[in-house]
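Remarks on the structure that follows.
The values are calculated or read from the model by the stated rules, or taken from the named source; none is laboratory data. Predicted model only: the values in this text are computed from it and were never measured. Counting neighbours? That spans all protein chains shown, and the Cβs are built from the backbone with ideal geometry, glycine included. Just so you know, the surface numbers come from the protein's heavy atoms only, side chains and all, with ligands and any DNA or RNA stripped out. Shrake-Rupley method; radii C 1.70, N 1.55, O 1.52, S 1.80 Å.
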Amino acid sequence: MSTPNSYNPEQAKTLVGTVERVTYNNSETGYTIARLKVSGEPDPVTIVGHFSAITPGETLRMAGFWVTHRTYGPQFKVANYEVCKPATIAGIEKYLGSGLIKGIGPVTAKRIVEKFKEKTLDVIEQEIERLNEVPGIAKKRVSMIARAWAEQQAIKEVMLFLQSHGVTTHFAVKIFKEYGPLSIQTVSENPYRLAQDIYGIGFKTADQIAQNLGIRADSEERIRAGFKHVLHEATESGHCYLPADALVTEGEKVLSITNHDLLHSVAEKMAREDEIKAERGFRVQGSGCREETQSSVLSPQSLEESSVLYYLPGIWQAEQNVARWLRGLLARPVEFDEKKVAAWLEQFTKKEKLELSAEQKEAILTASRHRVMVLTGGPGCGKTTTLRAMVKMFRHFNRRVELASPTGRAAQRLSEVAGVEARTIHRLLAYDPAQHGFTRNADNPLETDVVIVDEASMLDVLLASNLLKAIPTIAQLVLVGDVDQLPSVGPGRVLSDIINSDVIPVIRLTQVFRQAQGSVIITNAHRIREGHYPKLIEPGSVENTDCYYIPAEEPEDIHRLLINAVTRSLPKRFGYDPLTDIQVLTPMNRSSVGAAELNLRLQQHLNPPAPDKEQIERMGRIFREGDKVIQKVNNYNLEVFNGDVGLIRQIDTEDHTCLIEFGDRDVTYDWADLNELGHGFAMSVHKSQGSEYPAVVIILHTQAWMVLSRNLIYTALTRAKKTAVLLGTKKALGAAMRKIEAGTRNTRLAEILPLPIE
């Protein structure tokens, strides 16, 4: 047996058999290893090749060659294939019970096949109502099976269509859910829509489909899609815009086109047609590469050549809206009797036996004086106490108060500390999935006098825009957050830009209270914020601490010490529950010490497989009952948002659903939506923003060199309420201390906020 150099149909062999099991499948490439039962052969044979999707129980007719693997022996290397209906009763039962059809699991499949034998598939295709004759199958389930069967046939058409154009089709279910029976037509007419509409499909995949459909590499349609992709990628990195040269340079890389004039002309044409938005900016002498906008504060002598700044239209509009709505609020005076507020504050502190610093008192008085204000400060400086007093002050003077935070966990914590219900911003604004927008807006504003937003450093420009639209012009806004934390995951640096604009009152709390001074977590956080190296105390030291450092140079050592800390030492010493009390934080998702790899290892130790635990494999990951998971994108239909953490309580192999507990509520996921989830035993520091945990373990290694920053370590450390463990290398910590991330984003809010209202 030998491996052929190329596929020659005249020399190819034919093999027909029934899929016993899929041993391996790479969802990115479609490469699959499976075991096939062939008539006349005592043992299953191994087949290898690229498949759109194959299911145990399916019968395959394949063309290819026999080869011998050095380790695994004879294998049939598949060049092309077609799927046939299962021919045997056993094959039909395996096919139906494989999880292919929603509503049919192994138990239901067995009952159906026992009833209809070899005619089972004909009955399902032509007389599906006869499933009512099967004991234990209700009419409601028959309807579900009928819908799922019809959908599955349509999905297979989509799969075959995409496969015929050289692209893997593990996203076929998502594509069909988005476009329905128009899937093939939609993809044929504009394959680039996939990158915009289907989570997980990027520009490269859509571009591959487009080129296989005959779209030229230098076509204007492709360049337009490429530029939008580049701008979208920029927003993923936190930028609101890209200068023209940067857009073209990145476009060259993505599109493999070196014609500068063509690229510039297409960008200009897109701007004229409002497909992207162009702003005229100016480069200021002596400012390096920082882009400044045209405004009255810049003298002509300070300006060099002008520069065009390109935005996605939605981002441009959002940035403009934030500036306009904030200026609109600031233009209205506040009707508050400051003497009465001062008198109330004195009585309140005496009654509550509360010692407020001068900064805290000034913050409360400022909140009463101004339509908009910012309260910022580090840990242990009394932001929570100040916020609680503000709420009481507003309510004492009969002001209606709404409290909100960007994430569910932050909103829950805000409710606890303020003693008043707090909601996520999405719930406050009543997002309507059917309309793909918020119910509360400029035409239907919130019915409130005051809006207080905690964890405001997490506000990106899009969410801030939607929030400000919904705030009545007679209301007040208080933004509370730690500006030294990481900026938002989404585009912009709203809190930082508002502070830097110098047009909105800002109170920064700096005094660390006595009860917080004994915490090494808090003192280290302030040292990091000020650019000083943190105090590192190793376990076993005589010094009492709540912040430990465990040195580890190699990734293998980090893995071993991490497992020990999470499963043994922290639970034993402090009584922490490894699943619910301890959170592992790492700077990035990829690499051998990234979240993906650490989740695999932590899952093995914290939630290993067991006979009583159902599990499923999706996108190369195994989801198991008892797993800790994290939502990776906003899902407005389920009201689950990016960064929410839950526990898998039940996996239903019959209905193809997964029940996940998120805090105080259960959410049912369809299996097709599980690619929106990742494991949450370990997560990136960005994903942890707005949350607090009894204990955190922070991974530090130079593999994350590009993303290490002072803001990142500061944010990670301040997630810990009681215990923090820094695990890794001092070299990585030193690299982080030398870099500040918050100032590296392309935004204009700080410059346009002082400008007069148009």
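Within region 342-357, no residue that is farther than 16 Å from residue 384 by Cβ sits with its Cβ atom under 6 Å from a residue that is modelled with pLDDT of 95 or more and loosely packed, with under 14 Cβ neighbours inside 10 Å at 6+ positions apart or across chains. For region 72-109, the candidate set comprises residues that are among the polar types (S, T, N, Q) and at pLDDT below 80; within that set, the residue that is nearest to residue 142 (Cα to Cα) is 98. Count, please, the residues in region 498-557 that happen to be of a type outside the set (D, E, K, R) and within 29 Å of residue 363 (Cα to Cα). Summing the residues that are of a type outside the set (D, E, K, R) and within 29 Å of residue 363 (Cα to Cα) in region 498-557 gives 29. Looking only at residues that are part of a loop (DSSP other than H, G, I, E, B) and open to solvent by less than 50 Å² (accessible area, probe 1.4 Å) in region 575-587, which one is farthest from residue 624 (Cα to Cα)? Of everything passing the filter in region 575-587, 587 is farthest from residue 624 (Cα to Cα). Of the residues that make up region 99-112, is at least one aliphatic (A, V, I, L, M) and closer than 17 Å to residue 16 by Cβ? No, that holds for no residue. Filtered by the rule that a residue be in a helix (DSSP H, G or I) and of a type in the set (Asp, Glu), region 87-137 gives 93, 114, 118, 122, 125, 129, 133. Has region 612-621 got any residue that is in contact with a helix residue (DSSP H, G or I) (Cβ under 9 Å, 6 or more places away or on another chain) and surrounded by fewer than 16 Cβ atoms within 10 Å (Cβ to Cβ)? Yes, there is a match, as at least one residue in region 612-621 is in contact with a helix residue (DSSP H, G or I) (Cβ under 9 Å, 6 or more places away or on another chain) and surrounded by fewer than 16 Cβ atoms within 10 Å (Cβ to Cβ). Taking the criterion of being farther than 24 Å from residue 458 by Cβ and touching a Gly at 6+ places or on another chain (Cβ under 9 Å), the residues of region 353-398 that qualify are 356, 357, 392. Considered as a group, the residues in region 566-583 that are over 16 Å from residue 600 (Cα atoms) and of a type in the set (A, V, I, L, M, F, W, C) include one that is farthest from the chain's Cα centre (by Cα), and that residue is 574.
Would you call residue 444 in contact with a strand residue (DSSP E or B) (Cβ under 6 Å, 6 or more places away or on another chain) and modelled with pLDDT of 90 or more? In short, no.
Within region 53-71, restricting attention to residues that are within 21 Å of residue 158 (Cα to Cα) and open to solvent by 40 Å² or more (accessible area, probe 1.4 Å), the residue that is modelled with the highest pLDDT is 61. Looking across region 258-281, just one residue is crowded, with 18+ Cβ neighbours inside 10 Å and either in contact with a Gly (Cβ under 7 Å, 6 or more places away or on another chain) or at positive phi (or both), and that is 263. Taking residues in region 421-441 that are more than 13 Å from residue 634 (Cβ to Cβ), and partners anywhere that are in a loop (DSSP other than H, G, I, E, B) and among the aromatic types (Phe, Trp, Tyr), the pairs with Cβ atoms closer than 9 Å and at least 6 places apart or on different chains are 432/636. Taking strands (runs of 3 or more DSSP E) as the structural unit, those lying wholly within region 335-431 and holding at least 2 residues that are in contact with a helix residue (DSSP H, G or I) (Cβ under 7 Å, 6 or more places away or on another chain) and open to solvent by 10 Å² or more (accessible area, probe 1.4 Å) correspond to 401-405, 422-424.
Region 705-758 holds helices (runs of 4 or more DSSP H) entirely within its bounds, and those carrying 2 or more residues that are more than 30 Å from residue 329 (Cα to Cα) map to 710-717, 730-737.
Does residue 700 qualify as being aliphatic (A, V, I, L, M) and within 29 Å of residue 434 (Cβ to Cβ)? No, not satisfied. What pairs come up if the first residue lies in region 162-188 and is closer than 20 Å to residue 147 by Cβ, the second is open to solvent by 10 Å² or more (accessible area, probe 1.4 Å) and modelled with pLDDT of 80 or more, and their beta carbons are under 7 Å apart, counting only those six or more places apart or on different chains? Taking only residues 6 or more apart or on different chains, the pairs are 178/197; 179/186. Looking at 692, 751, can you tell me which residue is more than 21 Å from the chain's Cα centre (by Cα), open to solvent by 10 Å² or more (accessible area, probe 1.4 Å) and either at pLDDT 90 or above or under 22 Å from residue 535 (Cα atoms) (or both)? Only one candidate qualifies: 751. Region 628-678 holds strands (runs of 3 or more DSSP E) entirely within its bounds, and those carrying 2 or more residues that are within 26 Å of residue 141 (Cβ to Cβ) map to 645-652, 657-662, 665-670. Scanning region 711-748 for residues being open to solvent by 50 Å² or more (accessible area, probe 1.4 Å) and not aliphatic (A, V, I, L, M) gives a total of 8.
If you go through region 437-454 and keep only what is touching a helix residue (DSSP H, G or I) at 6+ places or on another chain (Cβ under 6 Å) and open to solvent by 20 Å² or more (accessible area, probe 1.4 Å), you end up with 438, 440, 441, 442, 445, 454. Candidates in region 572-621 are the residues that are touching a Pro at 6+ places or on another chain (Cβ under 8 Å) and among the aliphatic types (A, V, I, L, M); of these, the one that is modelled with the lowest pLDDT is 593. Hey, could you check region 641-671 for residues that are open to solvent by less than 20 Å² (accessible area, probe 1.4 Å) and at pLDDT below 85 and say which is farthest from the chain's Cα centre (by Cα)? For region 641-671, the residue satisfying everything is 656. When the residues of region 23-52 are filtered to those that are at pLDDT 85 or above and among the hydrophobic types (A, V, I, L, M, F, W, C), the one that is most open to solvent (accessible area, probe 1.4 Å) is 33.
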